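Input: a single structure, listed below in structure tokens.
Where a number appears in this text, it was derived from the coordinates with a stated rule and is not lab data. What you are looking at is a predicted structure, and each value in this text was computed from that prediction instead of being measured. Cβ coordinates were reconstructed from backbone atoms using ideal geometry, including for glycine residues, and neighbour counts include every protein chain displayed.
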Amino acid sequence: MKFLVAESELLGLFKICVNCVNEAQGHDNHRKRTFINIILKCDVCTNKRSWNSQPFVSFIPAGNLQLSSTFLFAGAIRSQALRNFEFLKMANTNTDIFYMHQKELPPVNKYTFLEEKSRELL
Ligand SMILES: [Zn+2]
């Protein structure tokens with residue numbers, strides 16, 4: 001199950017150090033389409049926490065791969081599906097990434113691979 005989470009609400013979860021419970025400030029460290037990495041560094045106890053919004057399949061964020069997969073499995077028209085994300089101002093993939101994911105997957109077992117990975121992550 002996945003949820004639509006506003007960036008402001010997400011960063012609100014990274015305002016306290018889990019080690020010493022003092023105020024801290026997490027920041028957006030890295031983004032890759034639907035993936036975000038947040039780093040929280042505590043100035044008081046020097047604790048550092050890194051959080052990823054999703055696991056990886058090889059070097060691809062699983063959500064990005066799933067998004068490309070859903071277009072394929074649902075037979076969706078990519079341009080219309082991507083427009084929905086644009087109206088929501090939501091992180092998404094694009095046509096280049098979609099085709100890159102298709103090229104990177106083994107051609108013979110592409111559909112089976114995507115189905116298995118999607119099931120594992122659902
Ligand atoms: Zn701390």
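Things to note:
- Residues with amide H under 5 Å from that of I36, placed H, sequence gap 5 or more: S53, Q54
- For H27, H101, order by how many other beta-carbon atoms lie within 10 Å, fewest first: H27, H101
- Members of K15/K89; K2/K32; K2/K41; K48/K89; K41/K89; K2/K89 lying beyond 20 Å, as alpha-carbon distances in this model show: K15/K89; K2/K41; K48/K89; K41/K89
- For the chain, a crude dipole built from +1 on the beta carbon of Lys and Arg and -1 on the beta carbon of Asp and Glu, taken about the Cα centre, is about 140 debye to the nearest 20.
- Working note: Cα gyration tensor of the chain, eigenvalues times five, square-rooted, sorted largest first, giving semi-axes of 33, 16, 11 Å.
- Counting only alpha carbon atoms, the long axis of helix 62-74 and the longest principal axis of the chain meet at about 30°.
- Packing, taken as the mean count of other beta carbons within 10 Å per residue, orders the peptides 30-41, 74-85, 46-57 from highest to lowest as 30-41, 46-57, 74-85.
- Per residue convex hull volume, Cα atoms of segment 7-52, in Å³: 59 Å³
- Helix-only mean residue ellipticity at 222 nm for the chain, each DSSP H run of n ≥ 4 adding -39500 (n - 2.57), per residue, nearest 500: -12500 deg cm²/dmol
- Relative contact order, percent, the chain [alpha-carbon distance under 8 Å, six or more residues apart]: 16 percent
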